[in-house]
1. How much length, in nm to one decimal, is gained on full extension between ARG84 and THR27, taken as 0.36 nm per residue of separation minus their Cα-Cα distance?
2. What is the fewest-to-most order of LEU63, LEU80 by other Cβ atoms lying within 10 Å of their Cβ?
3. For THR90, enumerate residues with amide H under 5 Å from its amide H, sequence gap 5+ or separate chain, H modeled in the peptide plane.
Amino acid sequence: MKNAQAAGQAPAKDSGTPIAASGTERTAHVAEVMAQFDVVVESSVEGVRKPNPAIYRIACDRLGVTPDHAVFLDDLGVNLKPARAMGMITIKVVTEYQALEELAEATGLTFPG
């Protein structure tokens, strides 16, 4: 994520369903993870969920990018199809290593791992 920022790209995170923090430690961890992203798009806040194309447009608008300059990762193919139809590069996440490898290929960035 920091590599993306250094390359002038703003990382985003779709948090999906809200995370119910249980305890101070979990709350702190969630805040630490979320702080790594420039934009967090929460379906519960936006009132629209994947695979509705509106959620992808919201993320692109907030990042100030067009879909053809975005990479979207998800573990469900049904969520990738609308993003791909909008012009995004899509990556189906099977493993962490595979996802980071494909993300590096798509962006030219390097990731630890």
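1. Numbers: separation 57, 0.36 × 57 = 20.52 nm, distance 3.35 nm.
Residue separation times 0.36 nm, minus the Cα-Cα distance, leaves 17.2 nm.
2. Details: LEU63 17, LEU80 20.
In order of increasing Cβ crowding within 10 Å: LEU63, LEU80.
3. PHE72
Just so you know, all these numbers are worked out from the coordinates, no wet-lab data involved. Remember, predicted model here, so these are calculated numbers, not experimental data. Cβ: placed from backbone, ideal geometry, glycine included. Neighbour counts: every protein chain shown.
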